[in-house]
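Notes to accompany the following structure.
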Amino acid sequence: MTERLEQFRNVVGGKRVESAGGQWIDSHDPYAGSAWAQVPRCTPDDVEAAVTAARNAFESPEWRDITPSARGKLLWKVADLIERDAERLARLEVRDNGKLFAEMHGQLRYIPEWYRYFGGLADKIEGSVIPTDKAQIFNYTLREPLGVVAAITPWNSPLLLLTWKLAAALAAGNTVVIKPSEHASVSTLAFAELFEEAGFPPGVVNTVTGFGAEIGDALVTHPKVAKVAFTGGDATGASVAAKAGEHIKHVSLELGGKSANIVFDDAPIDDAVRGAIAGIFAASGQTCIAGSRLLVQRSIQDEFVEKLVAFARSAKLGNPMDEDTNVGPVTTRQQLDTVLKYIDIGRSEGATCALGGGRPEGTELGDGWFVEPTIFTGVDNDMRIAQEEIFGPVLSVIPFDDEADALKKANQIAYGLAAGVWTQSMPRAIRMAARLEAGTVWVNTYRAVSYTSPFGGYKRSGLGRESGQKAIEEYLQTKSVWISCADGFSNPFVLR
Ligand code: TXE
């Protein structure tokens, strides 16, 4: 007899609900390679219910009339609850997406800070008094929420990437419908329940689970959705933005990339090796900021690659829950096929596979969706493995001659999310930081993010910024109010 899978429900208008059609989607444990839970397979009717609940909450006095300071305190309260449940939520994420417990638990312990930071900003949203050129008219601005925000999120770091949207959207006074990825929805459903416990009115935070192709359009084009905040692949992001554009909605996009991690010959080599590993093998390469193009100065290439391969070879693959595991499985069966396909492409393009290049063997890996840490050398910048986001543990090593060549190669790409620079020369670091076409540049470090610092893409990596003070602007609109202090209203046929 097959074991009954644990079922998780959506939160809509403060109630736990199944889908209108009564259908479910299996959620898989990538380490076991099998289904472990189920989430509702929502339909456009469920989207209608969730958006209606969110809009009703937006118009309700409980939310509309709450003071900004009280709104901030609700965010602090939810931060405390997340902290309380960090371990449980991290376990759910690991089971659902296969990333390391150490990584997910670290994220869960850090996530509360976004709610505290944006909770603190809630009562610092200020309009201004505008000194106009009109006599006897008083003009000021109000900064107001947009309404219902649709937060569409991916599977790689479900709660962190949701938080970057949710904390800012709520601090600004919006209500939210969350659509997590069909590949890893479970932690989001458990997380959404905390908002009611914190005291948010029902309907302020809602969820709809399901396939993007089945419910995505209903959500993005819904007349009561004012903004779409999306993180995912660039092809889906482009179609979501096109739909949002057709319906005149605000949109922000975080679309991943193909970031250059650049090592100069004066770099602290051992640190740079660890930085390169962090860029591509942490999280099995499934991060939007993966440093998947490693640009190494030709004069140190051989020594660097030798050290890099030795370090990567020592990485332990295994159960993501185990403390000594360095590399877990990839999250979906489909992603496993995609990554393996790119490894074939790399070989057929003529790159040299210096490490890995397939599925690892080992009884402790069972039926898990593992890919060996893979390093290609002799990669030309125009090869597909150097230009396309693989989203897996596959590194392309590209040699360069000098600073100008490094810059040219780093910028010769459609994406621009992040870049790393390894050098001991501060003037060079500053020159590179100024000229790299990327929303984030790290010097002698990699994968550092904070709730205080803006994050987002140049070029095809996205639109808008998350985190940092300005991120709240993405969830606000400005109203200009004119009050006449004059006696009477003269000639009605002319512009005032
Ligand atoms: O992403 P999708 P997928 C990249 C990565 C990966 C590729 C595909 O390269 O290999 O994208 O991954 C929802 N209307 N990134 O297919 O399709 C979908 O249900 C509205 C980079 O998982 O972009 C999910 O909730 N929504 C990225 C979300 O969009 C739709 C992280 C993202 O899914 C929709 C993840 C539609 N028509 C993948 N179709 C990053 N920036 O870090 C799908 N969705």
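The values are calculated or read from the model by the stated rules, or taken from the named source; none is laboratory data. Not measured: the values here are computed from a predicted model. Note that we place each Cβ from the backbone using ideal geometry, even for glycine, and neighbour counts take in every protein chain shown.
Quick check, is Ala438 surrounded by 17 or more Cβ atoms within 10 Å (Cβ to Cβ) and under 17 Å from Cys288 (Cα atoms)? Break it down into steps so the answer makes sense when it comes.
On the way: surrounded by 17 or more Cβ atoms within 10 Å (Cβ to Cβ): yes; under 17 Å from Cys288 (Cα atoms): yes.
The answer is yes for Ala438.
Screening segment 1-97 for helices (runs of 4 or more DSSP H) wholly inside it with 2 or more residues that are surrounded by 18 or more Cβ atoms within 10 Å (Cβ to Cβ) returns the ranges 44-59, 68-84, 86-97. Would you confirm, using the coordinates I've provided, whether Leu365 is assigned by TED's automatic domain parsing to the domain that holds Thr287, in contact with a strand residue (DSSP E or B) (Cβ under 7 Å, 6 or more places away or on another chain) and at pLDDT below 95? So Leu365 passes the test.
Condition test on Ala226, is it more than 7 Å from the ligand (Cβ to nearest atom), in contact with a strand residue (DSSP E or B) (Cβ under 9 Å, 6 or more places away or on another chain) and of a type in the set (Gly, Ala, Ser)?
Details: more than 7 Å from the ligand (Cβ to nearest atom): yes; in contact with a strand residue (DSSP E or B) (Cβ under 9 Å, 6 or more places away or on another chain): yes; of a type in the set (Gly, Ala, Ser): yes.
Yes, satisfied.
So is Thr207 over 15 Å from Gly13 (Cα atoms) and either within 15 Å of the ligand (Cβ to nearest atom) or surrounded by fewer than 24 Cβ atoms within 10 Å (Cβ to Cβ) (or both) or not? So that I can check it myself, show each step before the final result.
Values: over 15 Å from Gly13 (Cα atoms): no; either within 15 Å of the ligand (Cβ to nearest atom) or surrounded by fewer than 24 Cβ atoms within 10 Å (Cβ to Cβ) (or both): yes.
No: the conditions fail for Thr207.
In segment 233-254, the residues that are touching a residue at least 60 places away in the same chain (Cβ under 8 Å) and within 6 Å of the ligand (Cβ to nearest atom) reach residues that are part of a helix (DSSP H, G or I) and not aromatic (Phe, Trp, Tyr) with C-beta atoms within less than 6 angstrom, at least six apart or across chains, in these pairs: Val240/Val220.
Take the conditions (1) within 24 Å of Ala151 (Cα to Cα); (2) surrounded by fewer than 13 Cβ atoms within 10 Å (Cβ to Cβ); (3) without any contact (Cβ under 8 Å) to a residue 60 or more places away in the chain; Lys459 misses just one of them, which is (2). Of all residues in segment 175-199, exactly one satisfies the criterion of being farther than 18 Å from Val149 by Cβ, outside any helix (DSSP H, G or I) and more than 13 Å from the ligand (Cβ to nearest atom), namely Gly199. Looking only at segment 316-364, residues that are within 16 Å of the ligand (Cβ to nearest atom) and of a type in the set (S, T, N, Q) come to 5 in all.
Considering only residues in segment 410-435 that are of a type in the set (Val, Ile, Thr) and buried (at least 17 other Cβ atoms within 10 Å of the Cβ), the one that is farthest from the chain's Cα centre (by Cα) turns out to be Thr423.
Here Tyr140, Tyr117 are screened, and the one residue that is surrounded by fewer than 24 Cβ atoms within 10 Å (Cβ to Cβ), more than 20 Å from the chain's Cα centre (by Cα) and among the hydroxyl-bearing types (Ser, Thr, Tyr) is Tyr140.
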